[in-house]
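Asks: Got a structure for you, written out below as structure tokens; questions coming shortly.
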Number of protein chains: 2
Amino acid sequence: SFIGRVLKYLSAAPLFPTAVALLYGESPLPFLVTTAVMVVLGTALERLQPDPDLGHREAFLFVSLTWLIVPVVGTIPYLVAGQGTVASPVNALFESMSGFTTTGSTVLGEISFEAHSRSILMWRQLTQWLGGMGILVLMVAILPELSVGGAQIFREEAPGVTIDKLTPHIQDTARALWAIYAGFTLAAVLTYYGLHLLGVAPNMDFYGAVAHALTTLPTGGFSPRARSMEAFSPAIQWAVILFMVVAGTNFALFWYGFRGEPRRLLRNDEFRGYLFAMAVVSALLAGLLFAGVGLAEAPTNIDPIPGNVENALRQAVFQTVAIVTTTGYASMDFNTWDQSTQLVLLLAMFLGGSAGSAAGGIKIVRWYVIQKAMSREVFQSIHPEAVHPIRLSGNVAEEETVRSILVFVMTFFTIFAVSTVLIYVDSLRIGLELSAIEAVGATVATLGNVGPGVGVVGPMNNFLPFSAPAKLYMVFLMWIGRLEILSVLVVFAPSYWKR
Amino acid sequence: SFIGRVLKYLSAAPLFPTAVALLYGESPLPFLVTTAVMVVLGTALERLQPDPDLGHREAFLFVSLTWLIVPVVGTIPYLVAGQGTVASPVNALFESMSGFTTTGSTVLGEISFEAHSRSILMWRQLTQWLGGMGILVLMVAILPELSVGGAQIFREEAPGVTIDKLTPHIQDTARALWAIYAGFTLAAVLTYYGLHLLGVAPNMDFYGAVAHALTTLPTGGFSPRARSMEAFSPAIQWAVILFMVVAGTNFALFWYGFRGEPRRLLRNDEFRGYLFAMAVVSALLAGLLFAGVGLAEAPTNIDPIPGNVENALRQAVFQTVAIVTTTGYASMDFNTWDQSTQLVLLLAMFLGGSAGSAAGGIKIVRWYVIQKAMSREVFQSIHPEAVHPIRLSGNVAEEETVRSILVFVMTFFTIFAVSTVLIYVDSLRIGLELSAIEAVGATVATLGNVGPGVGVVGPMNNFLPFSAPAKLYMVFLMWIGRLEILSVLVVFAPSYWKR
Ligand SMILES: [K+]
Ligand SMILES: [K+]
């Protein structure tokens, strides 16, 4: 089956951390075992069932199962290496799912080269990069055809393929997207390491440059540094902001850009909304931080922020971009921020990046359509006879798509609300004493594939305090959140299995 | 104008508390002043502008302004009487808006016959009864015609009127509804006082029976007793449960019932959903209370609950029905409940009663349609070619209505989220130290016209701790929540004022 083929393709991936292991004199065994399992399992699955016609119905199962089986296989390096908290099966699955879904929530108790080998930490980074590759194809080529959660609207700007022409058109699309993705990743490596060579980024060695480039473009957010981007110089932080903005943009727009139509980027309503949202949130936070009211305590390990224009602006923009693009890096511990400032960030987690990128969450384009639908509702109350289609970058959105988007967001919020209560109640059960805001943060961070939340799951903390059932539930949230919820729900529907 | 006419009709209302004042030897001045102002202002407004054609556009302004001017005039008794905390303008407006919108949130610091005269407390009850009359006409006759927030769907079961035939058809509808409303109110008075005469309700004198009947049928929830329904016997509590269930039912269904079609009640999808929702929540809470895990502390002023079937069931059903119907009475202080048990109640506040009643909130029928829309979304992902209309009590709902309902709920949640943050941040500003859950409770209690929230705004507490700006903001929330949000937003839209 297709899943077998995906596994066989992926079997080359562990060779990269194998090389890292050999370079640093560490054991390559965890990765060789993984490669072996991928080859054997992939071949077995391929033999078991030849490629069926990948129709509408089968595509849902294929997508859902792929994002379940790959993360399960991806736990092997953690389990074989046996280092730290991630050596237990539940934690390994959490970390692996968080990687392949580019969420970035972690259960590593201690992130350091003492606690973990460099090759294992590089594998952790690589899972996000691989996940990002899969998501790009999913977002731009597969989901729009399946009409999931109004994903049809993502297609507007994407090089067209249809699911019945899955080969070779989907392969063409995939190659184009992956070329852009790989190109930007390479650019990030060169920029990060270039700044080091220029002397303005002393901590960013070549290992660090590669490791962080691998989690910037997929909006992943994993870092081999315990303090995330706080460990690096302002120059690096500004560079990371730039690449996060790129990573949260619809990749199809770059595709047009490179083909000589760069104007499509600026004319694109979602791209403009994306920049606008980040500008507004950044300006608000920068003002609060600069004035000093945005901070509850003064962090001692970084330069003072109040009254410092560059630092206030950088901290505000970095955190905003990291959250809106759902990357989840942090340039400082925003747990030191004032409650109200943290709330702004928490609300921003519900925005999501652009469609057609590896960003998670609800996504700007959906909010754009919803806001238009609300205005129209008001307008049509006054002028009941008026016909008033919703336009996106000049194209009329079909009413069915508008309705699907509304249903998607309702479904997102319903699952969010129920999950927050479940996580909150479970935390009371084990005596964790979560606050309601922390429960909200943990839920939206996983369901929206953002990564860190606030408080106990803040950017410098981890998800270890939760119970095993809660962690497995969050694995579920990351999984369905990544696949735009409905593509998973569909497989659970009784009507799916009826002929 | 119409508003003048409404004021003139209402000028008879203060005569009732005038009679109460005379009966108990209190000053009737506050009510005589109110009547005078209503007559003068009403006549002036009527002379100022003769009845315009009440078209689509004007109806929004009429509805919004009526629910603003009447509560403002309704503050006069509180201000003239000058008793307690409600004698200040902001508090008086809060209490009056809470009354006329049948919300039931209070800023009375001390609810007792020592702090307030019997006539003032009766006026407070009466504002809710008057508000309920207005809402019934609004819900059944006006909003469906204006197509606000999918309110078209409320019409399905209602005696049909159209806005262009406002007179005399709307008057026929209004008379029919008010007859039912008044009839049930009378039945409640007789039942409550009858139980007293039978000796099973010692505290329920005739004043109490009238006072509580006046706030049961409009799902209002005000009580002249500080401890709400905890002050009364189990017999009264069961009777109140019954009348709350009636008050939260679509009154048009009773209209059909009395005309010889009682089956329409049982065949009605919303009514069934309404009973089902209350049964599920009650059963869950009853189980938790009976087992004892639902209580954080044992209340000392009522019988023990764990292991006591009748008491556990009564407390669970009472609180559930009070919240789902958005009445907001309490038969005990549910602040003594466990955090998770309180969360269940908090979530239930988002349900709302039935359309075509005076209940507030999102309303069961909207949830019913949304849940159908979600299932359909999943079904249509599998069978893209299938046509699958949404049915409600056998009738096909128009797609435009479905979309309006989705937009309404999105708007409700957006305003809810923003308001929660504003109220939370304001509470931090004044050092109130609200928890996030308390902020959620305060917002949904006012926007959903429920009345009490949890914690600091729990059923035995009040809204006094909030700042004046926060109280005025909640006045705004009660106002827009009562008018199904969009009918107010429409008037604020720039396109409303363009010809
Ligand atoms: K992320
Ligand atoms: K109420």
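Asks: Of these, A:Ala286, A:Ala312, A:Ala316, which one is in contact with a Ser or Thr (Cβ under 7 Å, 6 or more places away or on another chain), part of a helix (DSSP H, G or I) and without any contact (Cβ under 8 Å) to a residue 40 or more places away in the chain?
Replies: Working: A:Ala286 fails: in contact with a Ser or Thr (Cβ under 7 Å, 6 or more places away or on another chain); A:Ala312 fails: in contact with a Ser or Thr (Cβ under 7 Å, 6 or more places away or on another chain).
Only one candidate qualifies: A:Ala316.
Asks: Further, regarding this structure: Take the residues of region A:482-492 that are open to solvent by 10 Å² or more (accessible area, probe 1.4 Å) and touching a Ser or Thr at 6+ places or on another chain (Cβ under 8 Å): which is nearest to the other protein chains (Cβ to nearest Cβ)? Show your work before the answer.
Replies: The first filter runs over region A:482-492 and keeps only residues open to solvent by 10 Å² or more (accessible area, probe 1.4 Å), leaving A:489, A:491-492.
From what is left, the residues that are touching a Ser or Thr at 6+ places or on another chain (Cβ under 8 Å) are A:489, A:491.
On the way: A:Leu489: 6, A:Val491: 9 Å.
Ranking the qualifying residues of region A:482-492, first place goes to A:Leu489.
Asks: I've got another one for you. So for region B:26-34 (the condition being outside any helix (DSSP H, G or I) and open to solvent by less than 50 Å² (accessible area, probe 1.4 Å)), does at least one residue qualify? Lay out the reasoning, then the answer.
Replies: Looking only at region B:26-34, we keep the residues that are outside any helix (DSSP H, G or I), and these are B:26-28.
Narrowing the set further to residues that are open to solvent by less than 50 Å² (accessible area, probe 1.4 Å) leaves B:26, B:28.
Scanning region B:26-34, I find at least one residue that is outside any helix (DSSP H, G or I) and open to solvent by less than 50 Å² (accessible area, probe 1.4 Å), so the answer is yes.
Asks: Before we move on, is A:Thr401 part of a helix (DSSP H, G or I), more than 9 Å from chain B (Cβ to nearest Cβ) and in contact (Cβ under 8 Å) with a residue 60 or more places away in the chain?
Replies: yes
Asks: Within region A:453-499, count every residue that is among the small types (Gly, Ala, Ser) and in a loop (DSSP other than H, G, I, E, B). Explain how you work it out, then say what you get.
Replies: First, the residues of region A:453-499 that are among the small types (Gly, Ala, Ser): A:453, A:455, A:458, A:467-468, A:470, A:481, A:487, A:493, A:495.
Of the ones still in play, those that are also in a loop (DSSP other than H, G, I, E, B) are A:453, A:458, A:467, A:493.
The qualifying residues number 4.
Asks: Being within 14 Å of chain B (Cβ to nearest Cβ) and either modelled with pLDDT under 95 or within 16 Å of ligand 2 (Cβ to nearest atom) (or both) is the requirement here; does A:Leu65 meet it?
Replies: Values: within 14 Å of chain B (Cβ to nearest Cβ): no; either modelled with pLDDT under 95 or within 16 Å of ligand 2 (Cβ to nearest atom) (or both): yes.
Against the criterion (within 14 Å of chain B (Cβ to nearest Cβ) and either modelled with pLDDT under 95 or within 16 Å of ligand 2 (Cβ to nearest atom) (or both)), A:Leu65 does not qualify.
Asks: Being more than 8 Å from chain A (Cβ to nearest Cβ), modelled with pLDDT under 90 and within 17 Å of B:Ser282 (Cβ to Cβ) narrows it down to one of B:Thr327, B:Thr341, so name that one. Working first, answer last.
Replies: Working: B:Thr327 fails: modelled with pLDDT under 90.
So the residue among B:Thr327, B:Thr341 that is more than 8 Å from chain A (Cβ to nearest Cβ), modelled with pLDDT under 90 and within 17 Å of B:Ser282 (Cβ to Cβ) is B:Thr341.
Asks: Scan region A:101-148 for residues that are outside any helix (DSSP H, G or I), open to solvent by 10 Å² or more (accessible area, probe 1.4 Å) and not β-branched (Val, Ile, Thr) and jot them down. Break it down stepwise before answering.
Replies: Pass one, region A:101-148, residues outside any helix (DSSP H, G or I): A:101-117, A:147-148.
In the following step, the residues that additionally are open to solvent by 10 Å² or more (accessible area, probe 1.4 Å) were identified as A:104, A:106, A:109-115, A:117, A:147.
Across region A:101-148, the qualifying residues are A:Gly104, A:Gly109, A:Glu110, A:Ser112, A:Phe113, A:Glu114, A:Ala115, A:Ser117, A:Ser147.
Asks: Filter region A:409-437 down to the residues that are open to solvent by less than 40 Å² (accessible area, probe 1.4 Å), more than 8 Å from chain B (Cβ to nearest Cβ) and modelled with pLDDT of 90 or more and list them by number. Working first, answer last.
Replies: So the first thing to find is which residues in region A:409-437 are open to solvent by less than 40 Å² (accessible area, probe 1.4 Å), and the list is A:409-412, A:415-417, A:419-421, A:423-424, A:426-427, A:434, A:436-437.
If we keep only those that are more than 8 Å from chain B (Cβ to nearest Cβ) as well, we get A:412, A:415-416, A:419-420, A:423, A:426-427, A:434.
Of everything in region A:409-437, those that are open to solvent by less than 40 Å² (accessible area, probe 1.4 Å), more than 8 Å from chain B (Cβ to nearest Cβ) and modelled with pLDDT of 90 or more turn out to be A:Phe412, A:Ile415, A:Phe416, A:Ser419, A:Thr420, A:Ile423, A:Asp426, A:Ser427.
Asks: Any residue in region B:69-87 that is open to solvent by 10 Å² or more (accessible area, probe 1.4 Å) and aromatic (Phe, Trp, Tyr)?
Replies: No - not one qualifying residue is present in region B:69-87.
Asks: Can you find, within region B:84-116, the residue that is nearest to the chain's Cα centre (by Cα) among those that are more than 16 Å from ligand 2 (Cβ to nearest atom) and either more than 20 Å from B:Ser228 (Cβ to Cβ) or aromatic (Phe, Trp, Tyr) (or both)?
Replies: Checked region B:84-116; the qualifying residue nearest to the chain's Cα centre (by Cα) is B:Leu93.
Asks: Something else: Of the residues that sit in region A:89-121 and are of a type in the set (S, T, N, Q) and closer than 30 Å to A:Glu484 by Cβ, which one is farthest from ligand 1 (Cβ to nearest atom)? Don't jump to the end; show me each part of the working.
Replies: Filtering region A:89-121 down to residues of a type in the set (S, T, N, Q) leaves A:91, A:96, A:98, A:101-103, A:105-106, A:112, A:117, A:119.
Now narrow it down to the ones that are closer than 30 Å to A:Glu484 by Cβ: A:91, A:96, A:98, A:101-103, A:105-106.
Details: A:Asn91: 18, A:Ser96: 15, A:Ser98: 8, A:Thr101: 8, A:Thr102: 5, A:Thr103: 5, A:Ser105: 8, A:Thr106: 11 Å.
Result: A:Asn91.
Asks: Identify, please: which residue in region A:167-217 is of a type in the set (Phe, Trp, Tyr) and more than 16 Å from ligand 1 (Cβ to nearest atom) and is, among those, modelled with the lowest pLDDT?
Replies: From region A:167-217, those of a type in the set (Phe, Trp, Tyr) are A:178, A:181, A:184, A:192-193, A:206-207; that's our starting set.
Next, only the ones that are more than 16 Å from ligand 1 (Cβ to nearest atom) stay: A:178, A:184, A:192-193, A:206-207.
On the way: A:Trp178: 89, A:Phe184: 96, A:Tyr192: 96, A:Tyr193: 96, A:Phe206: 95, A:Tyr207: 96.
Result: A:Trp178.
Asks: Is it true that some residue in region B:454-474 is more than 14 Å from every other protein chain (Cβ to nearest Cβ), under 25 Å from A:Val409 (Cα atoms) and modelled with pLDDT of 90 or more?
Replies: No, region B:454-474 contains no residue that is more than 14 Å from every other protein chain (Cβ to nearest Cβ), under 25 Å from A:Val409 (Cα atoms) and modelled with pLDDT of 90 or more.
Asks: Scanning for something of a type in the set (Val, Ile, Thr) and part of a helix (DSSP H, G or I), does region A:337-347 turn up at least one residue? Give the steps one after another, and end with the answer.
Replies: Going residue by residue through region A:337-347, those that are of a type in the set (Val, Ile, Thr) are A:341, A:344.
Restricting the remaining residues to those that are part of a helix (DSSP H, G or I) gives A:341, A:344.
Taking every residue of region A:337-347 in turn, at least one turns out to be of a type in the set (Val, Ile, Thr) and part of a helix (DSSP H, G or I).
Asks: Looking at B:Ala298, B:Ala252, B:Ala286, which one is away from chain A (no Cβ under 14 Å), away from ligand 1 (no atom under 16 Å from the Cβ) and at pLDDT 90 or above?
Replies: Numbers: B:Ala298 fails: at pLDDT 90 or above; B:Ala252 fails: at pLDDT 90 or above.
Every option except B:Ala286 fails the conditions.
Asks: Further, regarding this structure: Being open to solvent by 20 Å² or more (accessible area, probe 1.4 Å) and closer than 24 Å to B:Ser96 by Cα, is that true of even one residue in region B:190-205? Please lay out each step first, then the result.
Replies: First pass over region B:190-205, keeping only residues open to solvent by 20 Å² or more (accessible area, probe 1.4 Å): B:190-191, B:193-200, B:202-203, B:205.
This time we only want the ones that are closer than 24 Å to B:Ser96 by Cα, so: none.
Looking through region B:190-205, none of the residues is open to solvent by 20 Å² or more (accessible area, probe 1.4 Å) and closer than 24 Å to B:Ser96 by Cα.
Asks: Next question, about the same structure. In region B:438-453, which residue that is hydrophobic (A, V, I, L, M, F, W, C) and away from every other protein chain (no Cβ under 11 Å) is farthest from ligand 2 (Cβ to nearest atom)? Spell out the reasoning first.
Replies: Initial filter on region B:438-453 (hydrophobic (A, V, I, L, M, F, W, C)): B:439-440, B:442, B:444-445, B:447, B:450.
Of the ones still in play, those that are also away from every other protein chain (no Cβ under 11 Å) are B:442, B:444-445, B:447, B:450.
Working: B:Ala442: 14, B:Val444: 12, B:Ala445: 8, B:Leu447: 12, B:Val450: 5 Å.
Ranking the candidates gives B:Ala442 first.
Asks: As an exercise: evaluate B:Arg225 against (1) part of a loop (DSSP other than H, G, I, E, B); (2) surrounded by 24 or more Cβ atoms within 10 Å (Cβ to Cβ) and give the number of the one condition it does not meet.
Replies: Of everything listed in (1) part of a loop (DSSP other than H, G, I, E, B); (2) surrounded by 24 or more Cβ atoms within 10 Å (Cβ to Cβ), B:Arg225 misses just condition (2).
Asks: Got a sec? Which of B:Val293, B:Val281 is in a helix (DSSP H, G or I), within 14 Å of chain A (Cβ to nearest Cβ) and more than 16 Å from ligand 2 (Cβ to nearest atom)? So that I can check it myself, show each step before the final result.
Replies: On the way: B:Val293 fails: in a helix (DSSP H, G or I).
After applying the criteria, what remains is B:Val281.
Asks: Between a residue in region A:218-234 that is under 25 Å from A:Leu136 (Cα atoms) and within 16 Å of ligand 1 (Cβ to nearest atom) and any residue that is open to solvent by 10 Å² or more (accessible area, probe 1.4 Å) and assigned to a helix (DSSP H, G or I), which pairs come within a Cβ distance under 6 Å, given they are 6 or more apart or on different chains?
Replies: Once the first residue is under 25 Å from A:Leu136 (Cα atoms) and within 16 Å of ligand 1 (Cβ to nearest atom) and sits in region A:218-234, its partners that are open to solvent by 10 Å² or more (accessible area, probe 1.4 Å) and assigned to a helix (DSSP H, G or I) give A:Pro218/A:Trp129.
Asks: Considering region A:379-397 alone, what residues qualify as being touching a residue at least 12 places away in the same chain (Cβ under 8 Å) and either within 10 Å of chain B (Cβ to nearest Cβ) or surrounded by 15 or more Cβ atoms within 10 Å (Cβ to Cβ) (or both)?
Replies: A:Ile390, A:Leu392, A:Ser393, A:Ala397
Asks: Okay, next question. What's the total number of residues in region A:428-452 that are part of a helix (DSSP H, G or I) and out of contact with any Phe, Trp or Tyr (no Cβ under 7 Å at 6 or more places or on another chain)? Even if it seems obvious, please write down each step before you answer.
Replies: Narrowing region A:428-452 to residues part of a helix (DSSP H, G or I): A:428-429, A:436-447.
The next check asks that each one be out of contact with any Phe, Trp or Tyr (no Cβ under 7 Å at 6 or more places or on another chain); those that pass are A:428-429, A:437-438, A:440-442, A:445-446.
Within region A:428-452, residues that are part of a helix (DSSP H, G or I) and out of contact with any Phe, Trp or Tyr (no Cβ under 7 Å at 6 or more places or on another chain) number 9.
Asks: Among the residues of region A:354-370, are any modelled with pLDDT under 90, assigned to a helix (DSSP H, G or I) and surrounded by fewer than 23 Cβ atoms within 10 Å (Cβ to Cβ)?
Replies: Among the residues of region A:354-370, not one is modelled with pLDDT under 90, assigned to a helix (DSSP H, G or I) and surrounded by fewer than 23 Cβ atoms within 10 Å (Cβ to Cβ), which makes the answer no.
The values are calculated or read from the model by the stated rules, or taken from the named source; none is laboratory data. All of these numbers come straight from a predicted model, not from anything done at the bench. Here the Cβ is made from the backbone with ideal geometry for all residues, glycine too, and neighbour counts use every protein chain on show. These area figures cover heavy atoms from the full protein model, side chains too; ligands, DNA and RNA do not enter into them. Shrake-Rupley method; radii C 1.70, N 1.55, O 1.52, S 1.80 Å.
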